[in-house]
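Note sheet for the following structure.
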Amino acid sequence: MKIVVIGGTGLIGSKLVNKLREHGHEAVAASPNSGVNTLTGEGLAEVLKGASVVVDVTNSPSWEDAAVMNFFTTSTRNLLTYEATAGVKHHVALSVVGTDQLSESGYFRAKIAQEKLIKESSIPYSIVHATQFFEFLKGLADISIDGGKVHLPHVLFQPMAADDVASGVASVTVGPPVNGIVEIAGPEQFRLDELVRRRLVALKDPRQVIADPNALYSGAKLSERTLLPNNNARLGQTTFETWLNQSAPRAA
Ligand SMILES: NC(=O)c1ccc[n+]([C@@H]2O[C@H](COP(=O)([O-])OP(=O)(O)OC[C@H]3O[C@@H](n4cnc5c(N)ncnc54)[C@H](OP(=O)(O)O)[C@@H]3O)[C@@H](O)[C@H]2O)c1
């Protein structure tokens, strides 16, 4: 089966392409580096020829409100239009657990808009909602800085390893379209501020993490369970401790 992975050079995309190839599929990694640009449409008609499935694991280079909205809406509109012409049978996209409840955030408004376009299109689809990646914990600290300190709320979350995200997306990709959302998550729950603190300590990053009930997550107020998956979520195997000992040193 020919599967085109848009954003196939990214963190999740590159792992996904490898997993699909290991299972015997013709997985094509598409991104601006390989001449495929979803914002301009460049290269899309060519790469989609003969494709059965398209997986969108792109991310916006800028998370500024207007830029990220423009990225996900323009990119998704272009992709769906070219997919319809090419006769693609399944559109898979990666989004985030809790997205619907995070509309105070410009980034998540853009993800909501992306998902709406997919749901309204004529192409059968599956939207995978993943929890935060372990690989993103330092990034989370970077976007949560106030006065030189990291401010995060003491809420629950259930993050996962990027490798397990890619496995979860791969399994949805080779299955039938669900025309709905599949949730994937990590095997353990943590407190957001506590795990980011542990990650920074492991990185010997001296920034202090403050448990702040008023701190926002990417611009949105969180409640205790906003970031938690539902009971039907498919859980990855990799614990934080295992990831820290095995994958994190390689990632660094
Ligand atoms: N971070 C988290 O904790 C988290 C949790 C759940 C879900 N997600 C979702 O996961 C998705 C993937 O994240 P990631 O961290 O794997 O992303 P990433 O590593 O930043 O990779 C982004 C990919 O998008 C490609 N891209 C950028 N602009 C493009 C364009 N105009 N046309 C085609 N491709 C373009 C990039 O190509 P180049 O390499 O050529 O620039 C790269 O391959 C995102 O949609 C995000 O919302 C993230």
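Odds and ends about this structure:
- Qualifying residues in region 19-47 (those that are under 18 Å from Ala162 (Cα atoms) and free of Cβ contacts under 8 Å to residues at least 24 places away in the same chain) - the one surrounded by the fewest Cβ atoms within 10 Å (Cβ to Cβ): Glu22
- Filtered residues of region 43-76 (kept if in contact with a helix residue (DSSP H, G or I) (Cβ under 6 Å, 6 or more places away or on another chain), in a helix (DSSP H, G or I) and within 22 Å of Val172 (Cα to Cα)): Leu48, Phe72, Thr76
- Here Thr242 meets each of (1) under 19 Å from the mean Cα position of the chain (by Cα); (2) among the hydroxyl-bearing types (Ser, Thr, Tyr); (3) assigned to a helix (DSSP H, G or I) with one exception, condition (1).
- Pick from region 158-184, criterion open to solvent by less than 20 Å² (accessible area, probe 1.4 Å) and part of a helix (DSSP H, G or I), ranking: farthest from Thr239 (Cα to Cα): Thr173
- Among the residues making up region 143-157, those that are away from the ligand (no atom under 12 Å from the Cβ) and either open to solvent by less than 70 Å² (accessible area, probe 1.4 Å) or of a type in the set (A, V, I, L, M) (or both) are Ser144, Ile145, Gly148, Val150, His151, Leu152, Pro153, Val155, Leu156.
- Evaluated against (1) buried (at least 20 other Cβ atoms within 10 Å of the Cβ); (2) within 20 Å of the chain's Cα centre (by Cα); (3) under 26 Å from Ser167 (Cβ atoms); (4) not hydrophobic (A, V, I, L, M, F, W, C), Ser105 falls short on exactly one condition, (3).
- Cross-chain or 6+ apart pairs with Cβ under 6 Å, region 157-180 first and touching a residue at least 60 places away in the same chain (Cβ under 8 Å), then of a type in the set (Asp, Glu): Ala162/Glu135
- Residue in region 189-205 that is in contact with a Gly (Cβ under 9 Å, 6 or more places away or on another chain) and surrounded by fewer than 18 Cβ atoms within 10 Å (Cβ to Cβ) present: no
- Just so you know, in region 48-70 the residues that are farther than 28 Å from Asn230 by Cβ and open to solvent by less than 20 Å² (accessible area, probe 1.4 Å) include one that is nearest to the ligand (Cβ to nearest atom), and it is Leu48.
- Residue match in region 74-89 (condition: touching a residue at least 60 places away in the same chain (Cβ under 8 Å), within 12 Å of the ligand (Cβ to nearest atom) and closer than 28 Å to Thr238 by Cα): no
- For region 96-121, a residue qualifies if it is without any contact (Cβ under 8 Å) to a residue 60 or more places away in the chain, among the polar types (S, T, N, Q) and either touching a Lys or Arg at 6+ places or on another chain (Cβ under 9 Å) or assigned to a loop (DSSP other than H, G, I, E, B) (or both), and the qualifying residues are Thr99, Ser121.
The values are calculated or read from the model by the stated rules, or taken from the named source; none is laboratory data. Predicted, not measured: the structure shown is a model, and the values here were computed from it. Positions of Cβ are generated from backbone atoms using ideal geometry, with glycine treated the same way; all protein chains shown enter the neighbour counts. Areas reflect the complete protein model, heavy atoms only, side chains present, ligands, DNA and RNA absent. Shrake-Rupley method; radii C 1.70, N 1.55, O 1.52, S 1.80 Å.
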